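Everything on this sheet refers to the single structure shown next.
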Amino acid sequence: MAKATLTISSRNYSSWSLRGWLLAKFGGLEFDEVEIPPDDAAARAEILLLSSSILVPCLTHNGIAVWDTLAIGEYLNEIKPKAGLLPEDLALRARCRSICGEMHSGFSALRSALPMNLKGHFPGFKVWSRAEADIERICTIWGDCLAEHGGPFLFGKRRGMADAMFAPVATRFTTYDVKLDKASAAYCKTIMALPEMGEWITAAKLEPEDIEELEVEF
């Protein structure tokens, strides 16, 4: 199998890059990383939620380019079916795709109010009421999945596509010290304790660039 490349932008701020990177890691795909600096106009527009299309991350494998995070997950599930990115059961796959799609296209208030910032920590941060509704919905999704499938991941004992899609939310909840119910707090800790997350966060904290628009001020 040919070597793959994954194009990413800022590790500290880019939730989409983290999702794509985790999907490739969870899928067991060997790949090289190509980093676009956050001062690149296209990458910056996507990080600041000003772009209508998300072209980073982009996975290139065997001459095939896949640049949407959901598409990357589906592609990896096809070429690495034993990795278990999606559940084997048809009904569970449908549910997994549904919550991944909801994360992919929704929760705009949460994204705006709590931008991903792995270097930051803002205890006592005041969350907008609209963002609180998004947080409540996410915790409902997590709670339902964990109760039904027994955890520690959303669809059971194996991490998968849904966990990669929601991982940046776990970082946001940690950064802004969001108060969560017991099950959601435990799930956040599970995600943040993953070795892949540790690798990503360590590299993020070494990035020299800061994007002022995403730095919270009191």
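So here's what we get for this one:
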| read-out | value |
| --- | --- |
| Residue within the stretch 143-156 that is over 21 Å from Ile36 (Cα atoms), loosely packed, with under 13 Cβ neighbours inside 10 Å and within 19 Å of the chain's Cα centre (by Cα) present | no |
| Checklist (1) within 25 Å of Ala65 (Cβ to Cβ); (2) hydrophobic (A, V, I, L, M, F, W, C); (3) under 17 Å from the mean Cα position of the chain (by Cα) applied to Ile99, failing item | (1) |
| Contacts under 8 angstrom Cβ, first residue in the stretch 23-35 being farther than 16 Å from Pro195 by Cα, partner in a loop (DSSP other than H, G, I, E, B) and among the polar types (S, T, N, Q), 6 or more apart | Glu35/Ser9 |
| Residues located in the stretch 113-123, provided they are outside any helix (DSSP H, G or I) and either of a type in the set (A, V, I, L, M, F, W, C) or modelled with pLDDT under 90 (or both) | Leu114, Met116, Leu118, Phe122 |
| From Thr174, Thr190, residue being surrounded by 13 or more Cβ atoms within 10 Å (Cβ to Cβ), out of contact with any Leu (no Cβ under 7 Å at 6 or more places or on another chain) and within 23 Å of Ala83 (Cα to Cα) | Thr190 |
| Selected residue [assigned by TED's automatic domain parsing to the domain that holds His121, more than 19 Å from Ala24 (Cα to Cα), modelled with pLDDT of 95 or more and touching a Cys at 6+ places or on another chain (Cβ under 8 Å)] from Thr174, Thr140 | Thr174 |
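To keep it simple, each residue is scored yes or no on (1) closer than 22 Å to Lys179 by Cβ; (2) surrounded by 17 or more Cβ atoms within 10 Å (Cβ to Cβ); (3) at pLDDT below 95.
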| residue | (1), (2), (3) |
| --- | --- |
| Cys100 | no, yes, no |
| Met103 | yes, yes, no |
| Phe107 | yes, yes, no |
| Arg111 | yes, yes, yes |
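Listed here are the residues, each with its yes/no results for (1) charged (D, E, K, R); (2) farther than 22 Å from Val169 by Cα.
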| residue | (1), (2) |
| --- | --- |
| Cys58 | no, no |
| Gly63 | no, yes |
| Ile72 | no, no |
| Asn77 | no, yes |
| Lys80 | yes, yes |
| Glu88 | yes, yes |
| Ala94 | no, no |
| Phe107 | no, no |
| Ser112 | no, no |
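The values are calculated or read from the model by the stated rules, or taken from the named source; none is laboratory data. In this text, all values refer to a predicted model and were calculated from it rather than measured experimentally. Note that each Cβ is placed from the backbone with ideal geometry, even for glycine, and that neighbours are counted across all protein chains shown.
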